[in-house]
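Below: one structure, written as structure tokens.
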Amino acid sequence: MLYDEAQVALTKERLEDLRKEKKLSFEQLSKQLAERGVSISHTNLKNYEINDPLHPLYGRTRSMSIEYLVAFADFYDVSVEYLLGLSNSRKQEYNNISEQLGLCDGAIEELIRCKEKSGSEEDPKMYAQQDTAILNDFLTSMEFEIVMEKIKQSLFAYYLYTLSRNDLATRRREQNAAELEEARLLMNKYGYFPVENDVISQVHTENAIGVLNSYLRKLPKRLWEKNEQVLR
């Protein structure tokens, strides 16, 4: 894969974002890198973040040494792939999971915490104390598929609602107010009552909550039955 212009721009953007997250000036960053044995002037650090293709120093990022690239990755605790725009996962160990499942680092870290809280061979825990037991049951349940579908329907309905409320849609409604009112009255005459998409979004959300509530009510008994033989 070639290191194209889009990835160059992404590298610059990520270097800037990471520096700002640590609330460092270029001078402070240069000093902290020097303490780690890497000498990069504050001027060069600034040049690496220039994200204007017309700027004469824009190409400095392309000529960054491997030593500097590794130094940045080590200092910010991210992967080289992340800095180069080859991965959206900051952590090297999360790259494969992120690529396969499309999960962000925060989601992956939360799943890892669930695993750690679920015990180990040295510290076994009963099923009722295992986050993974609950996750495995929910993710493989029919209710999970239904809840996810309802959530997506809710999100899409609200998206349509926002489109209907933008300036262009508002002007069109005002221009065609008489025709729209006539159509509404005709639909009402035959028993059809138009509903705004924000209401439809709420209905889908309530349906998802209902399915989830039903699942949760059944969960204690189902997990007990699954683990009954082990506990005896």
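The values are calculated or read from the model by the stated rules, or taken from the named source; none is laboratory data. Given the structure is predicted, the values throughout are model-derived calculations rather than measurements. We place every Cβ from the backbone using ideal geometry, glycine too, and count neighbours over all the protein chains shown. Remember, those area values only see protein heavy atoms, side chains included, never the ligands or the DNA or RNA. Shrake-Rupley method; radii C 1.70, N 1.55, O 1.52, S 1.80 Å.
Filter the stretch 28-55 down to residues that are assigned to a helix (DSSP H, G or I) and of a type in the set (Gly, Ala, Ser) and give me whichever is least open to solvent (accessible area, probe 1.4 Å).
From the stretch 28-55, those assigned to a helix (DSSP H, G or I) are 28-35, 42-48; that's our starting set.
If we keep only those that are of a type in the set (Gly, Ala, Ser) as well, we get 30, 34.
Working: SER30: 25, ALA34: 59 Å².
The extreme case among them is SER30.
Which of the following residues is hydrophobic (A, V, I, L, M, F, W, C) and surrounded by 15 or more Cβ atoms within 10 Å (Cβ to Cβ): ALA107, ALA133, ALA128? Before the answer, list the steps.
Values: ALA107 fails: surrounded by 15 or more Cβ atoms within 10 Å (Cβ to Cβ); ALA128 fails: surrounded by 15 or more Cβ atoms within 10 Å (Cβ to Cβ).
On inspection, the qualifying residue turns out to be ALA133.
For a quick check of your reading of the model, give me the residue pairs whose first member lies in the stretch 1-27 and is more than 14 Å from TYR48 (Cβ to Cβ), whose second is modelled with pLDDT under 95 and assigned to a helix (DSSP H, G or I), with beta-carbon atoms closer than 6 Å and at least 6 apart or on different chains.
These pairs meet every condition: GLU27/HIS42.
Just name the residue that is modelled with the highest pLDDT out of those in the stretch 201-212 that are open to solvent by 70 Å² or more (accessible area, probe 1.4 Å) and not charged (D, E, K, R).
Filtering first and then ranking leaves ILE209.
Out of the residues in the stretch 168-200 that are over 26 Å from LYS152 (Cα atoms), surrounded by 10 or more Cβ atoms within 10 Å (Cβ to Cβ) and among the small types (Gly, Ala, Ser), state the one that is modelled with the lowest pLDDT.
So the residue we want is ALA183.
Conditions tested, residue by residue: (1) at pLDDT 85 or above; (2) in a helix (DSSP H, G or I).
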site: GLY59; (1), (2): no, yes
site: GLU99; (1), (2): no, yes
site: ARG113; (1), (2): yes, yes
site: SER120; (1), (2): no, no
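Would you pick out the residues in the stretch 93-134 that are of a type in the set (Ser, Thr, Tyr) and touching a residue at least 24 places away in the same chain (Cβ under 8 Å)?
The one that is of a type in the set (Ser, Thr, Tyr) and touching a residue at least 24 places away in the same chain (Cβ under 8 Å): TYR127.
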